[in-house]
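Since every read-out is calculated from the coordinates, none of them should be taken as a lab result. Model, not experiment: these values are computed from the prediction. FYI the Cβ positions are ideal-geometry reconstructions off the backbone, even for glycines, and counts take in every protein chain you see.
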Amino acid sequence: MIEVDNLTKRYGRTTAVDGISFVVKKGEILGFLGPNGAGKTTTMRILTCYLPPTEGTARVAGHDVFEEPLEVKRRVGYIPETPPLYQDMDVATFLDFCAKIKGVAKADRRARVDAAMEKCRVGDVRKTLIGRLSKGYRQRVGLAQAILHDPEVLILDEPTSGLDPKQIIETRELIKGLGGEHTIILSTHILPEVSMTCGRVVIINKGKVVAEDTPDNLTHRLRGAGTLRLEVRGDGPAAAEGLRAVPGVTAVRPHPPAGGVTVIEVEAAAGSDVRAELARAVVQKGLDLLALQQVGMSLEEIFLHLTTTDAAVDTAASAPMEATA
Amino acid sequence: MTALRNVAAIVEKEWRHYFGSPIAYVALFVWTMLFGIFFHFAFTYFLKQSMMMAQQMEFGGGPKLSINEWMIRPVLHNMAVVALFVAPMLTMRLFAEEKRQGTIELLATSPITDLQIVLGKFLAAAGLYALMIVTGLVNLVPIWYYASSAPEWKPVLTGALALWLIGSCFIALGLFVSTLTRNQIVAGILTFCLLLGIWTLGWADEPTAGPVMKAVAYLGVTNHMEDMVKGVLDLKDVVFYLSFIGFGLFLAQQSVESQRWRA
């Protein structure tokens, strides 16, 4: 549905987007992740034909953003970071205007506006001036504006920024509900949002794609499936020794004991499940095993790791890898 | 078809802004009030003059004074000056505010061309300005009832058309200036200065002026008004105004488009 190929955008000397490529399939929700200034907004603006690319191509629903901008715009719904709203219009009037310039046929206009208002739950403020609305309502009016013409593709730039927790959850539900019939690209720097709503994640940093995968895969790939955390009561060093002897274990890191309990991190080769052996090893030493748990790297850690390490591209590609503790 | 609908949608939106805020009312108030004041002065001056003429009649007398020439024409000339002040009021917001509020992004990512946006905004302002002129002309209606010899209506119409064309030139330029900044006050002041500069070009027209000064004077918007106010509709004047407007709109459209390339 969306094909981005070697897309580059330079502002004078600075390069905002540096040769990124990715593909979004129909009905997919893609999370676009990166620190502020990574090039998320620029990429989205190119996809919505607001900015022309310096190099490379982007095709949305089979139309090139540069060659056929009107065709692309007809098929894309977009909310910029701050939803573009006319403060002095009421909600219904604003949406009616948007429907007109988005080419919704006159006969369908009323129905479409009503449907969008219902979907985004702004019907109760339809006659309120937008300037008087709270941030949450404005965000929803922005979303209603984006889905008015029933676009094939939705591009949402930080749709939950500035909302309270309840509104964030509601907005996420709304976006999830829109997935399937719409293809969605969603940018954010809030990580739980991605693992909750998106089927796939593209992490970009300094204009480059540093990782691309499903949230779960990213977690696994980066830490290696076999990192385990054990809690042992009793003689910590003895337990560590026993664990080292288990075949398949590549590293054992005992933490300093606290209150007679030692936390030990164990890494095993990828693909091997050593949990049963580890438990047995601890028990054979006559010690109590209090907990044994598989540790994944949280998306936050991955994100920080990828966006603060220079060799991010290499490490992301070579899995499993030694995690920096 | 869609092009027309898009332009109409922009016009309607701009009128909502005009009448949803004080701008339209202030502009209408200032315009009609000044129209009335100028009309009042022209009227009393005309009365004084015709009284004097009537006295001279006893000694063989002068010709009867024309209402068109002595009353209506000066008012229209004065209103052209007022247009110089009112046009920036109407245009300063048009693009500057869209840029400030970020709503330009909504327009730019909708299936509507830059030219349609520019045209819509121009027609909205020029339409409001036309409404102002019509409201002002209402002042003249009583003359037809009370004057002993009714004035000619043709010079009034062509004069009003000239007034509208001049104002529309100002609006087209103001629209362009509004695309240059996100601050509407800056847009307004800049527009006014630019219009004043263009206005003074007309002063270069003197009998002794050389060919260069003649060419400069030709660009002065007011000089093309003279014949029309007298009731002579010359194609070359109309073409001058229309190409002036077209040039302003072209600049505005180029400016909107190029800002996206530079942004």
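Which FRET efficiency value, to the nearest 0.05, is calculated for B:THR200 and B:LYS230 with the Förster distance at 22 angstrom and r the Cβ-Cβ distance? Don't skip to the end; give the middle numbers.
Details: r = 23 Å, r/R0 = 1.05.
The calculated FRET efficiency here is 0.45.
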Computed from every Cα-Cα pair in the stretch A:225-294, P(r) in 10 Å bins starting at 0 and rounded to whole percents is 24, 61, 15, 0
Cα-based helix-to-principal-axis angle, B:114-137 vs chain B, degrees rounded to 10: 20 degrees
Chain A: angle of helix A:165-178 to the longest principal axis, Cα-based, in degrees nearest 10: 70 degrees
Consider a paramagnetic label point 7 Å from the Cα of B:ALA147 along Cα→Cβ; state which residues of the stretch B:76-90 have an amide N under 18 Å from it. B:76-79
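Counting only helical runs of four or more DSSP H residues, what would the 222 nm mean residue ellipticity of chain A come to if each run contributes -39,500 (n - 2.57) and the total is spread over all its residues?
Details: 12 runs with 118 residues, N = 325.
Per the formula, -10500 deg cm²/dmol.
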In nm, spacing of pseudo-spin labels at B:LEU131 and A:THR57 (7 Å Cα→C-beta vector): 4.8 nm
Efficiency of FRET between A:ALA279 and A:ASP216 - r from beta-carbon atoms, R0 30 angstrom, step 0.05: 0.75
Listed residues A:THR43, A:THR197, A:THR54, most fluctuating in chain A (Gaussian network, C-alpha, under 10 Å): A:THR54
To test your reading of the geometry: what angle, between 0 and 90 degrees and rounded to tens, separates the Cα axis of helix B:184-201 from the longest principal axis of chain B? 40 degrees
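Which of the pairs A:LYS26/A:LYS119; A:LYS102/A:LYS206; B:LYS99/B:LYS214; A:LYS176/A:LYS208; A:LYS73/B:LYS121; B:LYS64/B:LYS214 have their Cα atoms more than 30 Å apart in this structure? Write out the running numbers ahead of the final one.
Numbers: A:LYS26/A:LYS119 21 Å; A:LYS102/A:LYS206 33 Å; B:LYS99/B:LYS214 40 Å; A:LYS176/A:LYS208 27 Å; A:LYS73/B:LYS121 21 Å; B:LYS64/B:LYS214 35 Å.
Violating the 30 Å Cα-Cα cut-off are A:LYS102/A:LYS206; B:LYS99/B:LYS214; B:LYS64/B:LYS214.
What fraction of the DSSP beta bridges in the stretch A:2-213 is antiparallel, stated in percent and rounded to the nearest 5? Each step should come with its number before you reach the end.
Working: 20 of 39 bridges.
Of those bridges, close to 50 percent are antiparallel.
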Do you know the relative contact order of chain A, to the nearest whole percent, from alpha carbon pairs under 8 angstrom that are 6+ apart? 19 percent
